[in-house]
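Visitor: Supplied in structure tokens, the structure appears directly below.
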Amino acid sequence: MKNIQEDIKTGNFRKAYLLYGEEAYLKQQYKTNLEKALNPDGDTMNFAHYEGKGIDIRQLIDLCETMPFFANRRVITLEDTGFFKNKCEELAEYMKELPDYLCMIFVESEVDKRSRMYKAVKSCGAIAEFIRQDEKTLMRWAAGLLGKAGKRITQRDMELLLTKTGTDMGNLRMELEKLICYTEGRDVVTGGDIEEICTTQTTNRIFDMVRAVTEKNQKRALELYYDLLTLKEPPMRILFLLARQYRQLLLAKQFTASGLGQTEIASKLGIPVFALRNVLSCARAYTVSELECAVEDFVDAEEAVKTGRLEDKLSVELLIIKYSSKA
């Protein structure tokens, strides 16, 4: 990323850039910044954008070979092409001798670092991977955006915000904008504001449901399940997320028993430390053997649905009832 920032600053651009990874917001920001720097006048004649699979490679190469019209540079952006996961021999070969006037920007979600295209871009350009940001980085970034709007927030309420929004920067940015508008005339964003205006992501609604189950609050657990169904969440996706949450509870309990610290456990589970505290709190309601049985139950339920022995909506409901029933 530093290389790209330096190229934009100096105006010394490479022939190709590959931007990839899970963090879509940052990836799109860098793509936009590169396009603006390479094509500051918004020249549509010498700029092309391709998206999706099925791009005609021969046609693309013909465009690359076309000299820019009354300009020094031709810019081509290609998004989610699959070139870096599937074989794309002809383009990879062409990348060895790109014309000096050409700059290609590839934007992908996933890449295979062993692919010829990856190696081709690496040899003639720059590659940047955009990973999910850690909680401290997200908190600083969010606090900075609020600060620019003249707002303050406590760390506890910031943790609440991230618990609701998740770690996707694009989603967090939208929720921050809602909060800034909602708190107009005030300089402090409170937990009450967050609860009132911010949308809880599906995965976090699932965790709320898990917490209700562990607390044996069957009424609340079922209400949350029906809410998710009302929001058109497929029962099988709910089952998958529910199973994943219980696997996290099991792993967190096992890692804790083996003496690992919270930071290391959070890293292994791929969640923020503040989110781990909630996971550990829920895990205390179970023994390791109970969690192992729960994980098996979720696998069995998925198989029962796939084989037609049980209806999908009912399968999840039965699991919620089973694990939220008071002994």
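The values are calculated or read from the model by the stated rules, or taken from the named source; none is laboratory data. Since the structure is predicted, the reported quantities are computational estimates derived from the model, not experimental observations. No Cβ is skipped: glycine too gets one built from the backbone with ideal geometry, and neighbour counts run over all protein chains shown. The protein model used for the area step is the full one, side chains on, heavy atoms only, and it has no ligands, DNA or RNA in it. Shrake-Rupley method; radii C 1.70, N 1.55, O 1.52, S 1.80 Å.
Visitor: Give the residue that is modelled with the highest pLDDT, with candidates limited to residues of region 142-155 that are in a helix (DSSP H, G or I) and within 23 Å of ASP208 (Cβ to Cβ).
Guide: Filtering first and then ranking leaves ALA142.
So that you can scan it fast, the table gives a plain yes or no per residue for (1) touching a strand residue (DSSP E or B) at 6+ places or on another chain (Cβ under 9 Å); (2) aliphatic (A, V, I, L, M); (3) open to solvent by 20 Å² or more (accessible area, probe 1.4 Å):
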position: ALA149; (1), (2), (3): no, yes, yes
position: THR165; (1), (2), (3): no, no, no
position: ASP187; (1), (2), (3): yes, no, yes
position: ILE194; (1), (2), (3): no, yes, no
position: ILE197; (1), (2), (3): no, yes, yes
position: THR202; (1), (2), (3): no, no, yes
position: ARG211; (1), (2), (3): no, no, yes
position: ASN217; (1), (2), (3): no, no, yes
position: LEU222; (1), (2), (3): no, yes, yes
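Visitor: Okay, next question. Go through region 277-320 residue by residue and tally those that are open to solvent by less than 60 Å² (accessible area, probe 1.4 Å) and either within 30 Å of GLU159 (Cα to Cα) or in a helix (DSSP H, G or I) (or both).
Guide: Looking only at that region, the number is 23.
Visitor: Can you find, within region 39-71, the residue that is nearest to PRO99 (Cα to Cα) among those that are assigned to a helix (DSSP H, G or I) and not aliphatic (A, V, I, L, M)?
Guide: Going through the qualifying residues, I end up with CYS64.
Visitor: What residue, among those in region 9-38 that are open to solvent by 30 Å² or more (accessible area, probe 1.4 Å) and in a loop (DSSP other than H, G, I, E, B), is nearest to ASN171 (Cα to Cα)?
Guide: Top of the filtered list is GLU22.
Visitor: Moving to a separate point now. Return the only residue of MET139, MET158 being more than 30 Å from TYR17 (Cα to Cα), modelled with pLDDT of 90 or more and in contact with a helix residue (DSSP H, G or I) (Cβ under 7 Å, 6 or more places away or on another chain).
Guide: MET158
Visitor: Restricting to region 143-170, give me the number of residues that are touching a residue at least 40 places away in the same chain (Cβ under 8 Å), polar (S, T, N, Q) and out of contact with any Pro (no Cβ under 8 Å at 6 or more places or on another chain).
Guide: 1
Visitor: Which of (1) open to solvent by 50 Å² or more (accessible area, probe 1.4 Å); (2) within 28 Å of TYR17 (Cβ to Cβ); (3) part of a helix (DSSP H, G or I) does LYS178 not meet, given it meets every other one?
Guide: Result: LYS178 fails condition (2) only.
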